[in-house]
Amino acid sequence: MKQVLSHSITLIPDTDTLDNQYLFHVATEVSSPIIVDLAELLKNFRNDRVEFRKDYKLWNDVYPGEKEFEIFQSLVEKALRERKKIHIINCTLREEVQIIQELYTSLGYFDVKENRFIVPLKDAPVTIGVNIRNLMYSTKDYKSKREDICFIPPPRECAHVKALFAALNFWAISTVTMNNFSLEKVLLKDLLDMEKLSLTTLSQIVYGNYLELGCQVWKTEEWIVEV
């Protein structure tokens, strides 16, 4: 068995060197004064006039992306104006990703040789995270999942999900949040099976980057997966 760290994969002593099992640490309880949760802020803008139970795709309009983006923009502008670092979690929109990528480019974080951003997480004025559910579900899943995916922020259109994956691989997104590890670890496995992320990148976004941001990780789970 191998242990996957943020920048390396090491053999665990006294385990089979030829197996395909990998051990991850996953942060499940994290806190920090720099964390701002878009999901909590968006709850104040629920549109009860949308009758989403007649068409579950309309859940996307109960907590509209336009309002989420408006909140996101105001948070970024405030952080830059007041020079107070924030880490915004539960981002879902490609427009949010675009703002962060433009900011990181202006700050000189893009490494041409590596073809990705190299972000000093503790010093970057704004960093962002995404929820595992917003990575794995989109509006196309409402037909089959119905109320099971009526979470906040809602699953967005496929183009937004694609932008989130691209931002993870370019390191513009720093963390992935989980709500219930026992239920959602299957989604982590799906990430690997889809070959969307490398093993070390996954280790960074579910654990290592929280430490680099200076967050308090109160609880972790060991996750062993065969790939």
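For the chain, count all C-alpha to C-alpha pairs, find those more than 33 Å apart, and express that count as a whole percent of the total.
Within the chain, distances greater than 33 Å cover 17 percent of Cα pairs.
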Practice task
Could you pull out the pairs from K78/K185; K2/K85; K2/K145; K43/K113; K43/K145 whose alpha carbons sit more than 31 Å apart here?
Solution key: K78/K185; K2/K85; K2/K145; K43/K113
Practice task
Might you report the magnitude of the Cβ-based charge dipole of the chain about its Cα centre, with Lys and Arg at +1 and Asp and Glu at -1, to the nearest 20 debye?
Solution key: 560 debye
Exercise for the section: Compute the distribution of all C-alpha to C-alpha distances in the range 34-97, in bins of 10 Å from 0, and list the percent of pairs in each, rounded to whole numbers. Expected result: 20, 47, 24, 8, 1
Exercise for the section: Calculate how large, on average over all directions, the projected area of the Cα convex hull of the range 153-218 is; give the answer in nm² to one decimal. Expected result: 5.1 nm²
Problem - MRE, 222 nm, helices only [DSSP H, n ≥ 4, -39500 (n - 2.57), over the chain, to nearest 500] - result: -10000 deg cm²/dmol
Exercise for the section: Find how much the distance from E102 to S182 grows on full extension, using 0.36 nm per residue of separation minus their present alpha carbon separation; answer in nm with one decimal. Expected result: 25.2 nm
Handout entry: GNM flexibility winner over the chain from N20, N169, N90 (Cα, springs under 10 Å)
Key = N20
Handout entry: Per-selection Kirkwood Rh - the range 1-110 (Cα, Å, 1 d.p.)
Key = 17.7 Å
Exercise for the section: Round to a whole angstrom and tell me the spacing of the C-alpha centers of the range 93-168 and the range 69-87. Expected result: 16 Å
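Rule-based calculations on the coordinates, nothing more; no lab input. Just so you know, these numbers come straight off a predicted model, no measurement behind them. With ideal geometry, Cβ positions are generated from the backbone for all residues, glycine too; neighbour counts draw on all protein chains shown.
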